[in-house]
Amino acid sequence: MINWGNFLLVALASIGFTVVVVSLFSLAMRLLTNARHALPAARKGKISAVRSEALNRVTSYLLFLICAFALVYGIYLIVPYFHI
């Protein structure tokens, strides 16, 4: 017999985790795009553009790293070979 309470809990956790990972990846892409748009002004020597470009680029790379860790953790949970 199917335990519908646990099934619903797993479904909601999966959907929630997916929404979080996709949102983080989308935010990282947006920040990376902002960094690329600030690059021409940063090359001209504008201090605010240099700071903006660096902050956006570093933050986007950190968010990509978080997404990569989430992917590796998901693979770890799925593949039983890693549970030895």
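Coordinate-derived values only; no laboratory data. Please read these numbers as outputs of a predicted model, since none were measured by experiment. FYI the Cβ positions are ideal-geometry reconstructions off the backbone, even for glycines, and counts take in every protein chain you see.
Some observations on this one:
- The longest stretch of the chain left intact once loop-based trypsin sites (Lys or Arg not before Pro) with at most 16 other Cβ atoms within 10 Å are removed from consideration, loops following DSSP, is 1-43.
- About its Cα centre, the dipole of the stretch 25-83 is roughly 420 debye, where the only charges are +1 on Lys and Arg Cβ and -1 on Asp and Glu Cβ.
- Largest GNM mean-square fluctuation across Leu63, Leu27, Leu71, computed for the chain with C-alpha springs under 10 Å, falls on Leu71.
- In the chain, taking the dipole from charged Cβ atoms about the Cα centre, the farthest positive-side position among Val79, Leu27, Ser48 is held by Ser48.
- By the helix-only formula, in which each DSSP H run with n ≥ 4 contributes -39500 (n - 2.57) and the sum is divided by residues, the chain has a 222 nm mean residue ellipticity of -31500 deg cm²/dmol.
- Across all Cα pairs in the stretch 1-50, the calculated P(r) in 10 Å bins from zero up to the longest distance comes to 23, 24, 18, 15, 11, 7, 2 percent per bin.
- Net length available on complete extension from Leu62 to Ser48 is 2.9 nm, with 0.36 nm assigned per residue and the Cα-Cα distance removed.
- In nm, spacing of pseudo-spin labels at Trp4 and Leu27 (7 Å Cα→C-beta vector): 3.6 nm
- Relative contact order for the chain, counting Cα pairs under 8 Å that sit 6 or more residues apart, in percent: 28 percent
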